[in-house]
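What follows is one structure encoded as structure tokens, with my remarks underneath.
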Amino acid sequence: MEPPKGFPERTSNYLKDVGIDVSDKTVLIGGIGTLGSRIARDLARFNFKKIVLVDFDYVGPENVGYQCYHSEEVGRPKVEALAERLNKYHPWTHLEGVYMEVFTPSGLVSLSSLKEFARLVEKSDAVVTAFDTLPPRATALLLSVKFDKKYIDAGLGVTRGYVKYLKEGYCPICGKVWEEKVRYYTNPNLAEAVAALASQAVLHALSGRSWPSEISLNLEEPYRAFLASDVRNEGCPLCSGEVKKLRIEDVPEYLIKNIY
């Protein structure tokens with residue numbers, strides 16, 4: 001199919017003007033629910049080489065409209081439905097859906113799944129996580145450090161959202177802990193804003209441009225809605241040089257010892 005004219009050319013002109021080229025880059029997005037599905041949609045508008053979507057959930061009636069899913073997709077794996085539709089609407093970027101539960105040391109997921117996820121991370125240039133819980137984010141962060149990949153973590157609460165960027169002297173997980181308990185509802189406008197910022201973080205990270213380590217948003221407080229800061233913290237075992245030397249077989253024990 002011949003790519004449609006218009007939008008991709010305008011986007012390419014924008015990227016050229018700001019000095020960003022991602023045409024040879026691959027991004028992995030872990031978790032494609034309320035936030036992750038929006039990040040995937042936003043990034044698909046640019047001319048990435050590939051975007052890999054990782055999730056193990058199915059589209060439910062409660063996801064229609066609230067997340068980036070349509071009524072006719074109910075019952076399908078989220079990765080399959082979203083990749084198929086975005087490939088249709090944005091054919092200049094290839095999206096691949098991988099139905100997979102990211103390994104956590106719960107004993108419910110096999111070592112083979114960890115090896116497969118590690119392979120996906122190793123082949124990517126940047127990893128974005130938007131999971132509901134900490135364990136899969138910790139696994140993705142550890143593997144990103146091991147394979148020296150850019151890592152962005154994004155999250156939502158009821159009224160607040162954040163984008164955190166792994167950089168020297170700062171770790172998204174061992175920094176300021178996200179205090180608000182995960183809920184399965186939020187302000188959809190907040191989700192749109194956080195997704196847009198996370199997508200911009202990916203573009204900047206892959207082009208070597210500066211980006212703050214933390215951005216937080218609260219649309220309920222318009223005079224303090226947006227806060228960006230370049231903070232530092234002491235780091236954690238997930239970001240240490242020791243991680244780079246780990247064998248994949250040693251990762252479960254390392255996570256249990258240092259995180260759980």
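Can you give me the Kirkwood hydrodynamic radius for the chain, using every pair of distinct Cα atoms, in Å to one decimal?
Evaluated on the chain, it is 18.6 Å.
Using only the alpha carbon atoms of the range 96-155, find the Kirkwood hydrodynamic radius as the inverse mean reciprocal pair distance, in angstroms to one decimal.
11.7
From zero up to wherever the largest Cα-Cα distance of the range 1-143 sits, split into 5 Å bins and tell me the percent of pairs in each.
2, 10, 19, 21, 19, 15, 9, 4, 1, 0
Once you have the Cα-Cα distance between Thr133 and Tyr99, take 0.36 nm times their residue separation minus that, and quote the gain in nm to one decimal. Mind showing how you got there, number by number?
Details: separation 34, 0.36 × 34 = 12.24 nm, distance 1.77 nm.
The span from Thr133 to Tyr99 would gain 10.5 nm if fully extended.
Within the range 76-127, report the trypsin sites (Lys or Arg not before Pro) that DSSP leaves as loop and that have at most 14 other Cβ atoms within 10 Å.
Answer in residue order: Lys123.
Could you give me the percent of Cα pairs per 5 Å distance bin for the range 124-260, shortest bin first, beginning at zero and ending with the bin that holds the maximum distance?
Going out from 0 Å in 5 Å bins, the range 124-260 shows 2, 10, 20, 23, 21, 13, 8, 3, 1, 0 percent.
Could you work out how far the C-alpha centroid of the range 105-169 sits from that of the range 29-89, in angstrom?
18
Every read-out reported here was derived from the displayed coordinates using simple, explicitly stated rules and does not represent laboratory data. As the structure is a prediction and not an experimental result, all values here were calculated from the model. Cβ sites come from the backbone with ideal geometry, for glycine too, and all protein chains shown count toward neighbours.
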